[in-house]
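This report refers to the structure that appears directly beneath it.
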Amino acid sequence: MPKKRPHLHGYNHNVVYAGQSFHVQTEDFGPQRGQIMTHLFSGGTILATARCSYDGDLEESVVRQFMQSQHKNVLRQLKHGEYDERIRGALPGAELPPRPAAPPSEVAAAPEAA
């Protein structure tokens with residue numbers, strides 16, 4: 001019986017966004033569980049979680065690619081403001097970029113009667 005690989009060491013990055021410090025952590029739970037999880041933290045508070053399930057028989061290199069992709073995606077989403085509402089809720093004093101204005105209503109003018 002082939003030996004199952006252990007879980008892979010993950011990725012950890014501390015990043016500054018809008019003057020606030022955040023931590024992004026990605027970990028593999030091993031082939032028995034077949035799950036990769038990425039958390040976005042501020043202090044000890046988890047602001048967001050991304051999960052990916054995989055078949056436990058995948059090669060280590062493929063699992064590593066999934067981990068890298070998911071980790072980078074969470075970093076990219078943070079940079080593009082996709083977590084701003086969650087950050088505002090968890091850190092009321094956070095100085096984030098202003099919320100984008102709602103697009104103007106597209107109300108078509110009714111044709112005038114002749």
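The values are calculated or read from the model by the stated rules, or taken from the named source; none is laboratory data. This structure is a prediction, so every number in the text was calculated from the model and none was measured. To get the accessible areas, we keep the full protein, side chains included, count just its heavy atoms, and leave off ligands, DNA and RNA. Shrake-Rupley method; radii C 1.70, N 1.55, O 1.52, S 1.80 Å.
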Using 0.36 nm times the number of residues separating H13 and I46, minus their current alpha carbon distance, what extension gain do you get? 10.4 nm
Report ³J(HN,Hα) in whole Hz for each residue of the stretch 45-61, in order, from the Karplus equation J = 6.51 cos²θ - 1.76 cosθ + 1.60 where θ = phi - 60°; Gly and Pro get x. 9, 7, 8, 7, 9, 10, 10, 9, 9, 8, 6, x, 8, 5, 5, 3, 4
Could you tell me how far the Cα centroid of the stretch 64-88 sits from the Cα centroid of the stretch 5-19, in Å? 11 Å
S21, S42, ranked by accessible area, largest first (probe 1.4 Å): S21, S42
